[in-house]
Amino acid sequence: MRKIKYKKGRKLQHITLEYTGSHKEHETEMQLFVYNDTDVVEYDKFTVLALNSCFDYTKNNWLNIHGLNDIGLLKTIGAHFKLDDYLLADILNTTKRTKLEEQPNILFFNIKSLLPSEYSDNISVEQLSFILKDGILISFQEKRSDFFTHIRERLRTHSGIVRTKKVDYLLYLLLDAVIENFYITIEDEEDKIEELINLTKKGADRIILEKIENHRDNFNFLKRSIVPLRDSLYYLKTIKDDDDNGLIQKETFNFFIRLHQKSLELLEQIESDMSSLESASNFYFSEQSRKMNEIMKTLTIISAIFIPLTFIVGVYGMNFENMPELKYRYGYHSVMVAMVLLVIALIVYFKKRRWF
């Protein structure tokens, strides 16, 4: 099975614009929502030609980009919104770890979205990036997915308070949706661990140990993904009182504090699940040892039964002339009966001592 780990990838310069992900077959598409408390306009097939005409800076604007293969389009987006090239390079380089970066009038967030693979024990990874400016939120996804479908519906139907808030609250909702994927992944891993524990109770097949090690790699990967997320959210939590940009409203910081608490809960849950996985591993080796002890006990009992028989055979195999039993007519039969009775006596003795 494939070992889950961050891809090393090719070493790129900080401003090298090259998509390093695995979803290179997806075309780049854009979708724009322009909304406020009273109105929402959706542009499903948005193009760069409409950058100057469709944005309404008196309202909230959410530009969602699917697919990162069109480097020229991303350069145009970056030039229009005055984004540094190294920010675009971080968006395109999917080997980067989760991070939060604050610049004058810009907040950049890079995060991994994890979901269980449908037909294997591996974890599928997608990088998402967010750029928050005054009145504008730009999200970058490697491919079209349904992570944010429910948020789009809330915008369309004016469900909840999302349209009454600024785009910083929308960023909170998007990050919360990504964090929910972590819960889904961990829950799927927990179900598989429970199956493994049940399998270890039925037997100690080597494939079980391989699965245990694979899931341990998965949990380590989850932990490596959540720790930088926790640190980034903690940074947001600490700048509540001295945020110079003002990109996040004071009342919205409380929502990001909730996300930080969720990240802590995820890490605690992972630690607990890794303990369960360790228990499954210990149970596997205990079962292996128990089976080995059973085999050794069986072989020891067989040896204990045959040792006196071997001694008798050895004695009467010496063939000395002065052995009276050799000339006895029923000597052979007597010895065979004695050996059978001895075996029965040993078996009864071992049974009473509950040695088998």
| With the Cα gyration tensor of region 66-117 giving a ≥ b ≥ c as the square roots of its eigenvalues, does the rule (a/c under 1.5 for rounded; else a/b larger than b/c for prolate; else oblate) give rounded, prolate or oblate? | oblate
| Which lysines, on any chain, are close to Lys45 with Cα under 21 Å apart, when same-chain ones fewer than 8 places away are left out? | Lys24, Lys59, Lys75, Lys143
| query | Mind checking the log10 I(q)/I(0) for the chain at q = 0.07, 0.09 Å⁻¹? Debye, one equal scatterer per Cα, no solvent, two decimals. | reply | -0.46, -0.62
| message | What number comes out for accessible area per residue over the chain if the probe is 1.4 Å? Units Å², please. | response | 55
| said: Suppose each label sits 7 Å from its Cα in the direction of the beta carbon; what would the Phe356-Phe306 distance come out to in nanometres? | reply: 1.2
| Loop-only check: which trypsin sites (Lys or Arg not before Pro) in region 255-356 are DSSP coil with at most 15 other Cβ within 10 angstrom? | Lys327, Arg329, Arg353, Arg354
| field | For region 49-59, 3J(HN,Hα) per residue [Karplus equation, 6.51 cos²θ - 1.76 cosθ + 1.60, θ = phi - 60°, Hz, x = Gly/Pro] | value | 5, 9, 4, 7, 9, 8, 6, 10, 7, 8, 10
| task | Could you order Trp62, Trp355 so the one with the most accessible surface comes first? Probe is 1.4 Å. | result | Trp355, Trp62
| task | Only loop residues by DSSP count here, and only those with at most 11 other Cβ atoms within 10 Å; note down the chymotrypsin sites (Phe, Trp or Tyr not before Pro) in region 309-344 that meet that. | result | Phe320, Tyr330
| query | Once you put a point 7 Å from the Cα of Tyr316 and another 7 Å from the Cα of Lys82, both along the Cβ direction, what distance in nm separates them? | reply | 10.9
| Residue-count net charge about Tyr57 - beta-carbon cut-off 12 Å; Lys, Arg +1, Asp, Glu -1 | 0
| message | If you average the alpha carbon positions of region 278-356 and of region 123-167, how far apart do those two centres end up, in angstrom? | response | 75
| When all protein chains stay in place, what accessible area (Å², nearest 10, 1.4 Å probe) is found for Tyr57? | 130
| field | Estimated FRET transfer efficiency (Ile239, Glu25; beta-carbon r; R0 35 Å; 0.05) | value | 0.35
| message | I'd like the accessible area for Ser276: 1.4 Å probe, protein heavy atoms, all chains in place, Å² to the nearest 10. | response | 50
| said: Looking at region 205-272, I'd like the Rg to Rh ratio, where Rg is from alpha-carbon atoms and Rh is Kirkwood's inverse mean 1/r. | reply: 1.23
| query | So what is the 222 nm mean residue ellipticity for the chain from helices alone, if each DSSP H run of at least 4 adds -39500 (n - 2.57) and you divide by all residues, rounding to the nearest 500 deg cm²/dmol? | reply | -18500 deg cm²/dmol
| Just in region 70-112: which trypsin sites (Lys or Arg not before Pro) are loop by DSSP and have at most 11 other Cβ atoms within 10 Å? | Lys82
| note | Quick shape check on region 289-353: root eigenvalues a ≥ b ≥ c of the Cα gyration tensor, a/c under 1.5 is rounded, otherwise prolate if a/b tops b/c, else oblate, and it reads prolate
| request: Pick out the long, greasy-scoring helices in the chain: whole DSSP H runs spanning 20 Å or more along their own axis by Cα, mean Kyte-Doolittle at least 0.5. | output: 331-352
| Given a Förster distance of 22 angstrom, what is the FRET efficiency for Thr164 paired with Ala50, based on the Cβ-Cβ distance and rounded to 0.05? | 0.25
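The values are calculated or read from the model by the stated rules, or taken from the named source; none is laboratory data. Everything numeric in this text was worked out from a predicted model, so none of it was measured. FYI the Cβ positions are ideal-geometry reconstructions off the backbone, even for glycines, and counts take in every protein chain you see. Just so you know, the surface numbers come from the protein's heavy atoms only, side chains and all, with ligands and any DNA or RNA stripped out. Shrake-Rupley method; radii C 1.70, N 1.55, O 1.52, S 1.80 Å.
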